[in-house]
Amino acid sequence: MVGLRAPLSGTSTITSRPIGWVQADSQLFAGTLRDNLCVKRPVETSDVLAVLSGLGLSGPRFSDLELVVTSASQYSDGERARLAIARALLANVALLIIDDVAGLFDEETLSAVANELSRHGDLAVLEAAHNRRILSAPTLEIFLERA
């Protein structure tokens, strides 16, 4: 479901919508910023910019969607994680699995990300975290000791 094993064929979906997965070392590929965010889907520029802005990603490095991404090192770990969240939101995923990224964000960024996730009302979020800095307001929390 989260890509730890390569599927032989097909896709993972919930109610015909894809599942997204964001991890602390999220990757970008060579291509434009738009290519990285939209992954061959037609998405309005205004929608892309609104999601980026909602995640606290603004300025010339994020508003120029034709900017060519030549290296993942162009962006910090936190920026890459937020770009991966944006990619998932723009893909209209049904479930977003967030794997321990809250530690990459300061309090202001955490708040921006939580607010942007809450704007997507039909989105289910499953977050794994090693600390108490929860990205979104959970409806259920499960704590594992010595896991």
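Okay, here's what the table says:
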{"read-out": "Test: residue 43 is modelled with pLDDT of 95 or more and either touching a Gly at 6+ places or on another chain (Cβ under 8 Å) or in a helix (DSSP H, G or I) (or both)", "value": "no"}
{"read-out": "Single residue of 26, 53 found to be under 24 Å from residue 108 (Cα atoms) and in contact with a Lys or Arg (Cβ under 6 Å, 6 or more places away or on another chain)", "value": "26"}
{"read-out": "Unique residue being buried (at least 19 other Cβ atoms within 10 Å of the Cβ), more than 23 Å from residue 118 (Cα to Cα), in contact with a helix residue (DSSP H, G or I) (Cβ under 9 Å, 6 or more places away or on another chain) and aliphatic (A, V, I, L, M) when the list is 67, 33, 55, 37", "value": "33"}
{"read-out": "Index of the failed condition, residue 126 passing every other in (1) closer than 28 Å to residue 32 by Cα; (2) surrounded by 13 or more Cβ atoms within 10 Å (Cβ to Cβ)", "value": "(1)"}
{"read-out": "Sole residue being of a type in the set (A, V, I, L, M, F, W, C) and more than 17 Å from the chain's Cα centre (by Cα), chosen from 68, 93", "value": "68"}
{"read-out": "Every pair of residues 6+ apart whose Cβ atoms lie under 8 Å, when the first sits in the range 14-32 and is touching a residue at least 12 places away in the same chain (Cβ under 8 Å) while the second is surrounded by 12 or more Cβ atoms within 10 Å (Cβ to Cβ) and among the hydroxyl-bearing types (Ser, Thr, Tyr)", "value": "18/12; 19/12; 19/13; 28/75"}
{"read-out": "Subset tally (residues that are hydrophobic (A, V, I, L, M, F, W, C) and more than 14 Å from residue 129 (Cα to Cα)) for the range 97-113", "value": "2"}
{"read-out": "Residue match in the range 10-24 (condition: of a type outside the set (Gly, Ala, Ser), outside any strand (DSSP E or B) and modelled with pLDDT of 90 or more)", "value": "no"}
{"read-out": "Breaking point among (1) modelled with pLDDT of 95 or more; (2) surrounded by fewer than 13 Cβ atoms within 10 Å (Cβ to Cβ); (3) in a helix (DSSP H, G or I), for residue 62", "value": "(2)"}
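The values are calculated or read from the model by the stated rules, or taken from the named source; none is laboratory data. Every value quoted in this text rests on a predicted model; they were computed, and no experiment measured them. Cβ atoms come from the backbone with ideal geometry, glycine included; neighbour counts cover every protein chain shown.
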